[in-house]
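Q: First, the structure itself, so that you have it in front of you.
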């Protein structure tokens, strides 16, 4: 079979194409090991090759044949203490604790921020281009030394470092640090070091702190049960 692969960097899988009729086998190999919640595209190139990818290709060279949407898992992102959310958080538990210790953060605050930012979806991308678990913008990721925002370890390290910077800048005030994480420190400064009057930012700060309190409560219950 004449098959080519064009490598694309990062934690996204590559683009595959074939000239022959093994589409089902190739598409199956594309889906195995990939996230269970994603969109996949099938294109026909101008030269007749068929391409399978999780990315949109230029319309002037590729005709879209099909879009395949796999089901998203049933997760209650509003309740960080739910079993589904805890299951999503489990692969990152050690990294969260490690970088919380490294940067002098309460790991439950860091965990609450991730729950709010991405619902523990390592491949999350926002409408403005923020990426990964802690939704780092590309420019911010570069400043923090994060080379691959879809790498969980790098993303958590960068996000934890940035949160530490915001806490130090705003006198350890959690609300202002979270507002700065969401809207940028300049926005907080412009509003006399108060949470900016943006509905999204105000709701964001409340949500993170609410999740933080839920994690504190959950830990207290576990500690009480062990006595």
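Q: With a 10 Å radius around each residue's Cβ, average the other Cβ atoms per peptide and rank 128-139, 172-183, highest first.
A: Top to bottom by mean Cβ count within 10 Å: 172-183, 128-139.
Q: Here's a follow-up. Can you compute the radius of gyration and Dmax for region 83-226, using only the Cα atoms, both in Å?
A: 14.6, 47
Q: Hey, rough spin-label estimate for residue 213 and residue 101, points 7 angstrom out along Cα→Cβ, what's it come to in nanometres?
A: Placing both labels 7 Å beyond Cα along the Cβ direction yields 3.0 nm.
Q: Okay, next question. Express in nm, to one decimal, how much length is gained between residue 186 and residue 137 on full extension, taking 0.36 nm for each residue of separation and deducting their alpha carbon distance.
A: My answer for the length gained is 16.1 nm.
Q: What distance in nm separates the simple spin-label points at residue 93 and residue 127, each placed 7 Å from Cα in the Cβ direction?
A: 3.5
Q: What's the extension gain from residue 83 to residue 175 if we count 0.36 nm per residue and subtract their Cα-Cα distance?
A: 30.4 nm
Q: So what's the projected area for region 159-227, the Cα convex hull averaged over all directions, in nm²?
A: If you wrap the Cα atoms of region 159-227 in a convex hull and average its projections, you get 5.2 nm².
Every number in this text was worked out from the coordinates using simple rules, so none of it is lab data. None of the values given here were measured: they were computed from a predicted structure. Positions of Cβ are generated from backbone atoms using ideal geometry, with glycine treated the same way; all protein chains shown enter the neighbour counts.
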